[in-house]
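K.L.:
Can you keep this structure in mind? I'll have questions shortly.
The values are calculated or read from the model by the stated rules, or taken from the named source; none is laboratory data. This one's a predicted model, so the numbers in the text were calculated from it and none came from an experiment. Note that we place each Cβ from the backbone using ideal geometry, even for glycine, and neighbour counts take in every protein chain shown.
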């Protein structure tokens, strides 16, 4: 397929691009980048007033496989991802066997974006064979429950390094969670609800940083949400510890105050933080302490979210709203520049996963996103493509709208409609 995009603002921080230009696509590749390109007889998109950037790359999105009635599965996840501007997604299904990964890879052939399976790090407290799992397509290892035993985590670091696969750590000590429903702080005291201290995350962050420093192994710390964690990671990076980390846009946009009136849509895991946490996350993204913005897509059905605050599962559908939320909370508040924000959602997560994505260069796969950074619109949960319509942003005004998602030179989504 041939395609020409003209007069868009081309943005790619690692490629030093930020200016008005044109992109010519043929056979799924970027054939030319320049200004004033004129090619007759091929489809042309006018990018005037829009930004053209590398397709977004996600480190964390959950799905259920095999699919069950009403729950997000691989193909529905890929459609929501394409609508949100994602062209590559690391999909977490809890897979732990070669056969499960092979089945996921077969399903991925029909997806609207590239799906890269993540697999469990352990099964029944025993480390899995990361080498065999990587050979059939796994790109990362991750346990939804934190690996509690430090020796097992240390061994997982060595095994991941040996097999050149990304180890993601779930920084959560359930012994400190207790019966907590929200972040400990002024709001939890006002509401009189059991709370979760910031230390429930920070103690695992600190442990994994010590292990990474001692072993010289790299680890990715996922779902960072507290000021304590940001400070620990900043100090470790200054000492040369090999660590990367990610947070999610909703932690940069909302605080625990959203749980007023027992709004279960705002019950997340980790829980929404306090204002000082939100400020620390923005500063961490700005100075490079935090490498990536992941979607944190943990889809929960609206039926389950209609339970009480105590029994409703934590999580929200984040993948098709991640960019607008990030633009609203970080770009339009001048916390992050647009090139930096986009790098945190494309080239940086691609580097963590070890895949050649997130760049805008001649010869690269034409995985691209065209978006309006200034469009204002009101989020309506019922209009979401994800099978989970649960979001704490329902009814809120967001700034930034995905206009077109291009995967391997083919338009896969346009103005919220997936092809």
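K.L.:
Could you list all residues from region 276-297 that are more than 16 Å from the chain's Cα centre (by Cα) and either outside the structural domain of residue 316 (by the TED database) or in a loop (DSSP other than H, G, I, E, B) (or both)?
P.N.:
Listed by number, the residues that qualify are 288, 289.
K.L.:
Further, regarding this structure: Within the bounds of region 342-357, is there any residue that is touching a residue at least 24 places away in the same chain (Cβ under 8 Å), touching a helix residue (DSSP H, G or I) at 6+ places or on another chain (Cβ under 7 Å) and over 30 Å from residue 167 (Cβ atoms)?
P.N.:
Among the residues of region 342-357, not one is touching a residue at least 24 places away in the same chain (Cβ under 8 Å), touching a helix residue (DSSP H, G or I) at 6+ places or on another chain (Cβ under 7 Å) and over 30 Å from residue 167 (Cβ atoms), which makes the answer no.
K.L.:
Of the conditions (1) surrounded by fewer than 18 Cβ atoms within 10 Å (Cβ to Cβ); (2) within 25 Å of residue 80 (Cβ to Cβ), residue 117 satisfies every one except a single condition; which number is it?
P.N.:
Of the numbered conditions (1) surrounded by fewer than 18 Cβ atoms within 10 Å (Cβ to Cβ); (2) within 25 Å of residue 80 (Cβ to Cβ), the odd one out for residue 117 is (1).
K.L.:
So, one more: For region 397-419, name all the residues that are surrounded by fewer than 17 Cβ atoms within 10 Å (Cβ to Cβ) and at negative phi.
P.N.:
The answer is 397, 410, 417, 419.
K.L.:
Any residue at all in region 61-84 that's crowded, with 24+ Cβ neighbours inside 10 Å, at pLDDT 95 or above, over 20 Å from residue 298 (Cβ atoms) and touching a strand residue (DSSP E or B) at 6+ places or on another chain (Cβ under 8 Å)?
P.N.:
No: region 61-84 contains no residue that is crowded, with 24+ Cβ neighbours inside 10 Å, at pLDDT 95 or above, over 20 Å from residue 298 (Cβ atoms) and touching a strand residue (DSSP E or B) at 6+ places or on another chain (Cβ under 8 Å).
K.L.:
Also: Answer with yes or no whether residue 89 is surrounded by 22 or more Cβ atoms within 10 Å (Cβ to Cβ), under 15 Å from the mean Cα position of the chain (by Cα) and not assigned by the TED database to the domain that holds residue 22.
P.N.:
Yes.
K.L.:
In this structure, is residue 156 touching a residue at least 12 places away in the same chain (Cβ under 8 Å) and buried (at least 21 other Cβ atoms within 10 Å of the Cβ)?
P.N.:
Yes, satisfied.
K.L.:
Follow-up. With the checklist (1) surrounded by 20 or more Cβ atoms within 10 Å (Cβ to Cβ); (2) more than 16 Å from residue 350 (Cα to Cα) in hand, flag the one item residue 125 doesn't pass.
P.N.:
(1)
K.L.:
Test residue 339 against the stated conditions and say whether it is at pLDDT 95 or above, on the phi < 0 side of the Ramachandran plot, in contact with a helix residue (DSSP H, G or I) (Cβ under 7 Å, 6 or more places away or on another chain) and surrounded by fewer than 23 Cβ atoms within 10 Å (Cβ to Cβ).
P.N.:
Spelling it out, residue 339 is indeed at pLDDT 95 or above, on the phi < 0 side of the Ramachandran plot, in contact with a helix residue (DSSP H, G or I) (Cβ under 7 Å, 6 or more places away or on another chain) and surrounded by fewer than 23 Cβ atoms within 10 Å (Cβ to Cβ).
K.L.:
Here's another thing I want to ask about it. Grab the strands (runs of 3 or more DSSP E) fully contained in region 1-42, keeping just those with 2 or more residues being in contact with a helix residue (DSSP H, G or I) (Cβ under 6 Å, 6 or more places away or on another chain).
P.N.:
none
K.L.:
Just one of the numbered conditions (1) under 19 Å from the mean Cα position of the chain (by Cα); (2) more than 23 Å from residue 321 (Cβ to Cβ); (3) touching a residue at least 40 places away in the same chain (Cβ under 8 Å) is not true of residue 42; which one?
P.N.:
Among (1) under 19 Å from the mean Cα position of the chain (by Cα); (2) more than 23 Å from residue 321 (Cβ to Cβ); (3) touching a residue at least 40 places away in the same chain (Cβ under 8 Å), the lone unmet condition for residue 42 is (1).
K.L.:
Now a separate question. Quick check on my filter: what residues within region 298-323 are under 13 Å from the mean Cα position of the chain (by Cα) and under 18 Å from residue 396 (Cβ atoms)?
P.N.:
Result: 316, 317, 318, 319, 320, 321, 322, 323.
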